[in-house]
Amino acid sequence: MCSSTPQWSEAAWTEELTRRQLKSQAELLSELAQQIRAGEDFPNRTPSLLCGLVDVTCQALLDHLKDAPRDRLQHVAYILHEMGQHLRYADRSKMTQTPWSMVEYAESFLKATTGDNNHFIIRPQWSYNYAIVGDFVGFYKSLVASCPWVPIASWESNLPLNRLLKKALFL
């Protein structure tokens, strides 16, 4: 037997396969976020910001996926799954789905109630009449922070240079 032959193990094979699948999923999710962001008119800027947040987070995970410990790959899969679910908010908030006049009035009411630092994605939701989903920026920051192999400063520096998103992140 040749001593230069690499040792094969099922664990190593599974890890390599998982990393490839996560890379593919992150690339597709990033592309989808870019397509949603560029493809439709939104009644306000918030859905576009959410797409940018998803894209930047996918890119950060892609850039550092090779550094992720084997036992944390399922955590990366969870993060990608959550981001995919969040893109539904942006996708369903297109002006073709939600009348812009309704968004304008609902957003002005909500801002008057909660303050100008809050931003809203208003979209149809068939399973319930109303739903409130929390702070996406804070949630994403905590997700990135839960991945110590991803430098959070690098992620923050790549966020869209939109004043609203930066302000929301660093409050």
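Read-outs: derived from the displayed coordinates by stated rules, not from any lab. Predicted model, so just to flag it, every value in this text is computed and none were measured.
Gain on full extension, evaluated as 0.36 nm per residue between E27 and K66 minus their Cα-Cα distance, stands at 12.6 nm. Looking at region 14-169, the pairs of alpha carbons with a distance over 19 Å make up 55% of the total.
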